[in-house]
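The values are calculated or read from the model by the stated rules, or taken from the named source; none is laboratory data. Computed from a predicted structure; not experimentally measured. Reconstructed Cβ throughout: ideal geometry from the backbone, glycine too, with neighbour counts over all protein chains shown.
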Amino acid sequence: MKKHISKIILIILLVVAVLIYSFNPAVNSFVKSVFDMFASGDFAVVGDFISKYGTYAMIVSACLMIFQSVIAPLPAFLITFANANLFGWWQGAILSWSSAMAGAAICFYIARILGRDITEKLTSRAGLEQIDEFFEKYGRHSIIIARLLPFISFDIVSYAAGLTSMKFWPFFIATGIGQLPATIIYSYVGGMLTGGAKLFVTALMILFALSVLVVLLRQMYYSRQKKS
């Protein structure tokens, strides 16, 4: 009964949000500007967007991170780079990590409450099926591994986890552990990025993530060998 009430409330909130977006020109224009900002692929553009809100810049940044989590898959790393430039690497890292965690929790509960059919409309069927296979392959290590790989959608992983029997706190803790290294590294170098350096750092992150993945898979292999 409680789950049905939660589902009705959440659907009402989503419908209200869609109606506001559809019939309020100011909101429609703002959301369009947010999508254009992400589409630019330039963290400097994102930084300019956030900084114009002055004392509310951190709140706006956190809201953008949560927004991109729910409307998967928008590039979160642009916000992480922008936060590092605007607030310094360690403050930017804390802001990016905490707001990403909030976004992950929201995605998890949206999927848990609404179920697969509606979740597919917020993400994509193909994306969810891909993550389902990933979960099946790597079991309880799935969340940490997925969070360490920058080319796997952060948001779709959160939605997919909500559709499984996984409990919230194991999911949340694994997300925090897996997301922390990437957030720290992105934030640390974020203040130094200009032009093509962004691509260079992204390549380094992928190399780092693959290295960690190899170590994890090696440990999993030896663990299974001992059991057998």
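Some notes on this structure:
- Restricting attention to segment 30-85, the residues being touching a residue at least 60 places away in the same chain (Cβ under 8 Å), assigned to a helix (DSSP H, G or I) and over 18 Å from THR183 (Cα atoms) number 1.
- Considering segment 113-127, and only residues there that are under 20 Å from PHE67 (Cβ atoms) and surrounded by fewer than 20 Cβ atoms within 10 Å (Cβ to Cβ), the residue that is modelled with the highest pLDDT turns out to be ILE113.
- Evaluation of MET205 against (1) under 26 Å from ALA44 (Cα atoms); (2) modelled with pLDDT of 75 or more; (3) aliphatic (A, V, I, L, M) (one fails), failing number: (2)
- Count of residues meeting criterion [part of a helix (DSSP H, G or I) and either charged (D, E, K, R) or on the phi > 0 side of the Ramachandran plot (or both)] in segment 86-103: 0
- When PHE81 is tested against (1) more than 10 Å from the chain's Cα centre (by Cα); (2) surrounded by fewer than 24 Cβ atoms within 10 Å (Cβ to Cβ); (3) not β-branched (Val, Ile, Thr), just one condition goes unmet, and that condition is (2).
- Top-ranked residue of segment 134-179 - restricted to ones that are free of Cβ contacts under 8 Å to residues at least 40 places away in the same chain and more than 20 Å from ARG112 (Cα to Cα), ranked as surrounded by the most Cβ atoms within 10 Å (Cβ to Cβ): GLY178
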